[in-house]
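Comments concern the structure below.
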Amino acid sequence: MLHANLQFVKGLIHTHDGKNIECESDEFIQGDYVIPDSGHYYKVFIGESLLSVSSSLLDPDFNLTPGEPLSHDPKMQEWLYQLTGPNDEPLRSIRHEFTYMDQPVRIVVAEEISASLRMVDQLTSYFLLITPVMISLIAVISLIIAEFSLRPVQHFSAALEGISHKNLEARIPADRQAKELRRLADKFNSLLERLQRAFEAEKNLLGDAAHELKTPLAVIKAECDIALQRERSAADHAASLRNVRNVVKGMLFQINSLLTLTRLASGLLDASSFARTSFTDCVEDATVLAEPLARKKNIALSVSLSEDMTVLGDEDSLTEAVLNLVENAVKYNHPGGFVAVSLTRRDGMAALTVSDTGIGIAEEDKERIFDRFYRAASARSSQEGSGLGLSIVQAVARTHGGAIMVEGQPGGGSSFTLTLPLAEEAA
Ligand code: ADP
């Protein structure tokens, strides 16, 4: 509005006689633009002399551009001011400078802004009132949305909380979860599956170990009871001690085997700790270790290693697995029997076969001999053992991504084949 008034007043300036500059008097300012009694003012200067002033400004000397301007537009040569008018009304004025007929002309137009200020005041109080209401409303809506969107997660965590070590067989019902949480539920379920298996393996191992160690401990106790029952000769005591020592030796062997099994089952030994290992060297070392036993039992041991085969693995546990197979082949053999160890490449795998001419294995035992502490009846009656050797072989094979298989029949000898992925095939 202020600009429109400025343009109007600018349009009233004209020349008279082609020389003097004039501005239409107030009487002419009728119709389109009427200057009211107060609140709207203008002044026109040529140089420093006042050319025209609106009749509404009763004191023509009243300064409509006091103090510092609020803003300045250098391109348009305009200055904006805010001031208090002659009737104490709030005013806003604009000063515009230009050159007309080589004369500097200055127009100042002012208008009352109390209505605008009132509107600003009203808007401010409206916002002050409405803002807290809006904020509270948004907070309540956000809480409702958060509660609603978190409900599936709460549902999920409630299902999870219901599972502990006491009911590891429980699962999170994936189909009853929100769509986005179903994959997570599946992942949790497979984690629970693995945990349950590990827990059960641990529990079984402990139970089996306690059960198996009870028998030799009972033997030791019985031996001690007998020795203490009455006066005995030194030779009798020595015999009792020898018996106890033999039982303890067996227990120590069992405990070492159990420790190896636990190490394998707990995942302490895994691919991250594997290195390139010559499986041929492991087989060679194991046969050298088994040789004294073979000689003692008069068993001929033949070893055939066609080429050097490298696998990714743990040298000690691989040697131990091969030693278990070769010692068994000697142990469950007849005096004067034969054991053949051969390492070949088969379908991109290293295949170690340990065959013997021993007592053989019944069909129903073939699956079970890899179970912890399981010993076939024929073995129990003829040889001492822990029933842990083949469990270790199987655990080593699995940890290395391989497998163990058995063939043979009672009285016809046995043949165990351990296959392992070759390092170059795995790379
Ligand atoms: P252990 O030899 O201490 O009994 P293993 O786990 O090594 O324990 O073997 C488990 C069982 O498998 C043996 O008790 C025996 O019945 C059977 N077995 C293993 N190797 C042979 C073999 N070469 N010939 C016949 N039976 C075997």
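Above 13 angstrom, tally the Cα pairs of the stretch 155-211 and express them as a % of all pairs, no decimals. The partial results should precede the final answer.
Working: 980 of 1596 pairs.
Cα-Cα pairs of the stretch 155-211 separated by over 13 Å account for 61 percent.
Is the stretch 325-379 best put as rounded, prolate or oblate by its Cα gyration tensor, with a ≥ b ≥ c the root eigenvalues, rounded for a/c under 1.5, and otherwise prolate when a/b is larger than b/c, oblate when not?
Working: a/c = 2.49, a/b = 1.30, b/c = 1.92.
Verdict is oblate for the stretch 325-379.
In which sequence would Leu352, Leu70 go, from the one with the fewest C-beta neighbours within 10 Å to the one with the most? Before the final figure, lay out the partial values.
Working: Leu352 29, Leu70 12.
Ascending number of Cβ neighbours within 10 Å: Leu70, Leu352.
Report the gain in length on full extension from Val140 to Ala218: 0.36 nm times residue separation, minus Cα-Cα distance, nm rounded to one decimal.
Values: separation 78, 0.36 × 78 = 28.08 nm, distance 7.24 nm.
Net length gain for the segment: 20.8 nm.
Any number yet on Rg/Rh for the chain, C-alpha, Kirkwood? Spell out each step's value before the answer.
Working: Rg = 52.3 Å, Rh = 32.1 Å.
Across the chain, the Cα-based Rg/Rh ratio is 1.63.
For a quick check, take a GNM of the chain with Cα springs below 10 Å and name the residue from His237, His16, His334 with the largest mean-square fluctuation.
In the Gaussian network model the winner is His16.
If you build a Gaussian network model of the chain, linking Cα atoms that sit under 10 Å apart, which residue out of Ser386, Ser116, Ser378 swings the most?
Looking only at Ser386, Ser116, Ser378, the largest GNM fluctuation is found for Ser116.
Among Pro69, Pro216, Pro173, which one shows the highest mean-square fluctuation when the chain is modelled as a Gaussian network with alpha-carbon springs under 10 Å?
Looking only at Pro69, Pro216, Pro173, the biggest GNM fluctuation is shown by Pro69.
To one decimal place, what orientation-averaged projected area in nm² is obtained for the convex hull of the Cα set of the stretch 22-152? Spell out each step's value before the answer.
Values: hull surface 54.4 nm².
So the mean shadow area of the Cα hull is 13.6 nm².
In debye, nearest 20, what is the charge dipole magnitude of the stretch 10-150 about its Cα centre with +1 on Lys and Arg Cβ and -1 on Asp and Glu Cβ, if you could check?
Numbers: 8 positive and 21 negative charges, 103 e Å.
So the magnitude is around 500 debye.
Straight distance only, please: which lysines reach the Cα of Lys75 with their own Cα at less than 27 Å, same-chain residues fewer than 8 apart left out?
Cα-Cα hits under 27 Å: Lys10, Lys43.
How large is the dipole of the chain about the Cα centre if only Lys and Arg carry +1 and Asp and Glu carry -1, each at its Cβ, rounded to the nearest 20 debye? Please list the in-between numbers first.
Details: 40 positive and 58 negative charges, 728 e Å.
About 3500 debye.
Mean 1/r over all different Cα pairs, inverted: what Kirkwood radius does the stretch 239-285 give, in Å? Show your work: numbers first, answer last.
On the way: mean 1/r = 0.0739 Å⁻¹.
In the stretch 239-285 this quantity evaluates to 13.5 Å.
Once fully extended, how much extra length lies between Arg230 and Leu50, figured as 0.36 nm per residue of separation less the alpha-carbon to alpha-carbon distance? Mind showing how you got there, number by number?
Details: separation 180, 0.36 × 180 = 64.80 nm, distance 14.47 nm.
The Arg230-Leu50 span can extend by a further 50.3 nm.
Using 19 Å as the cut-off for backbone N distance, which residues of the stretch 310-340 belong to the label zone defined by a point 7 Å from the Cα of Leu268 along Cα→Cβ?
Within reach of a label on Leu268: 313-321.
What relative contact order, as a whole-number percentage, does the stretch 242-312 give when Cα pairs under 8 Å and 6 or more residues apart are counted?
Working: 27 pairs, mean separation 28.0, N = 71.
Averaging sequence separation for qualifying contacts and normalising by length gives 39 percent for the stretch 242-312.
Please give me the summed charge of the neighbours of Gly85: other residues whose Cβ is under 11 Å from its Cβ, Lys and Arg +1, Asp and Glu -1.
Overall, the nearby charge balance is -4.
Let's test the formula: R0 of 22 Å, r as the Cβ-Cβ distance of Ser342 and Glu407. What FRET efficiency results, to the nearest 0.05? Provide the component values of the computation, followed by the final result.
Values: r = 14 Å, r/R0 = 0.64.
Efficiency, from the Cβ-Cβ distance: 0.95.
Rank Ala174, Ser164, Gln196 by how far each Cα sits towards the positive end of the charge dipole of the stretch 139-219 (+1 on Lys, Arg Cβ; -1 on Asp, Glu Cβ) and give me just the farthest.
Result: Ala174, furthest along the dipole toward the positive end.
Stretched out fully, how many nm does the piece from Ala170 to Tyr126 gain, at 0.36 nm a residue minus the Cα gap? Write down the numbers at each step before the final one.
Working: separation 44, 0.36 × 44 = 15.84 nm, distance 5.86 nm.
Residue separation times 0.36 nm, minus the Cα-Cα distance, leaves 10.0 nm.
For the stretch 37-92, I need the span (max minus min coordinate) of the C-alpha atoms along each principal axis, in Å, sorted largest to smallest.
On the principal axes, the stretch 37-92 reaches 32, 26, 16 Å in Cα extent.
Could you line up Tyr100, Tyr81, Tyr42, Tyr374 from fewest to most neighbouring Cβ atoms inside 10 Å? Write out the running numbers ahead of the final one.
On the way: Tyr100 13, Tyr81 20, Tyr42 28, Tyr374 16.
Listing Tyr100, Tyr81, Tyr42, Tyr374 from fewest to most nearby Cβ atoms yields Tyr100, Tyr374, Tyr81, Tyr42.
Using only the alpha-carbon atoms of the stretch 92-217, report the extent along each of the three principal axes, biggest first, to the nearest angstrom.
127, 36, 30
For the stretch 209-241 and the stretch 64-84, what is the separation of their C-alpha centers, rounded to whole Å?
The distance from the Cα centre of the stretch 209-241 to that of the stretch 64-84 comes to 116 Å.
Separation between the Ala178 and Asn20 pseudo-spin-labels, each 7 Å from Cα along Cα→Cβ, expressed in nm?
It works out to 8.6 nm between the two label points.
Can you put Leu83, Leu57, Leu241 in order, fewest other beta carbons within 10 Å first?
Going from least to most buried by this count: Leu241, Leu83, Leu57.
Since every read-out is calculated from the coordinates, none of them should be taken as a lab result. What you see is a predicted model; the values in this text were computed from it and never measured. As a convention, Cβ positions derive from the backbone with ideal geometry for all residues, glycine included, and neighbour counts pool all protein chains shown.
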